[in-house]
Amino acid sequence: MTPRSIALCSALVLVMGCESLPHDDFDAAQVLLARGDLLGTIQRLDRVPPADERYPESRTIAQAIERRVRSSHALLNRGMRLRAEWRDEEAARNFERALEIWPELEAASAMLAATRFRIETFALDDTEASVAEGEVVETAPLVEPAAPAGETIPMSEDGEDPVTVDLDEFPDVASRCAEIERMLDDGLLEAALDLAESGPRLPAGGCRDRLTGVLHQRALVHYGHGSLELALNDWVRLRRIDPDHALAHEFSAAARAELAQR
């Protein structure tokens, strides 16, 4: 085997290694979700057997992702109808919002690029015609940006009695984490969140990962059922506890984009 052949084989092995997925369907779904492959994620989640202890979680995640797929395609279809009517500015806004929900939706990206090009082309023609007639032309943004949603949404979860938290009882991280773990064991999620948000930010791992995992699951349930405000509120709180939580950032952006349609 020549040196060039060896190099080519080595490169192929590296590429195949980068593209490989875990054999476990649930783990593979997590990898695909991180890549933005929503359809592949749903396919792998559907393969998780009911006997698997992660089956309920897989159904919750799949339901939330299916909503993202439906919402993004609905916006794509609406944009296509508006584009057919030459309502390009409105069409572009719909394509943009579809991409906010599903950034990897190639059809929306392609149609947005085509629509922007058509807008710019006709704007240039109009400008040249106006200048030729001696008019003064003021340029305006082609697509109005969607108004950003607020970072906080007032709401409360029912079914949990309020618990008074005294930070003096938990002077260090270890004692706070121990109490948060106890609260989660007792089903007191709101109290655990209050304690986590009341003091210095918790370090990664341990009780913080468990707390954000439970909160993310509740947000997914809200989102899958169409309760966008409740879901967004949970993801906003989650990001206060863990600002680097990638899925919370991704799903909260999708929820905001859907709320902008209301």
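Here are the numbers for this structure:
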read-out: In the range 216-251, the residues that are outside any helix (DSSP H, G or I) and of a type in the set (S, T, Y); value: S227
read-out: Residue tally, condition in a helix (DSSP H, G or I), hydrophobic (A, V, I, L, M, F, W, C) and buried (at least 21 other Cβ atoms within 10 Å of the Cβ), over the range 202-215; value: 3
read-out: Residue among P148, P103 that is outside any helix (DSSP H, G or I), within 28 Å of V221 (Cα to Cα), outside the structural domain of R208 (by TED's automatic domain parsing) and modelled with pLDDT of 55 or more; value: P103
read-out: Top-ranked residue in the range 37-69 [being of a type in the set (V, I, T) and in a helix (DSSP H, G or I); ranked as nearest to A107 (Cα to Cα)]; value: V69
read-out: Some residue of the range 77-94 being within 19 Å of A34 (Cα to Cα), in a helix (DSSP H, G or I) and outside the structural domain of A255 (by TED's automatic domain parsing); value: no
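The values are calculated or read from the model by the stated rules, or taken from the named source; none is laboratory data. No experiment lies behind these values; they were computed from the predicted model shown. With ideal geometry, Cβ positions are generated from the backbone for all residues, glycine too; neighbour counts draw on all protein chains shown.
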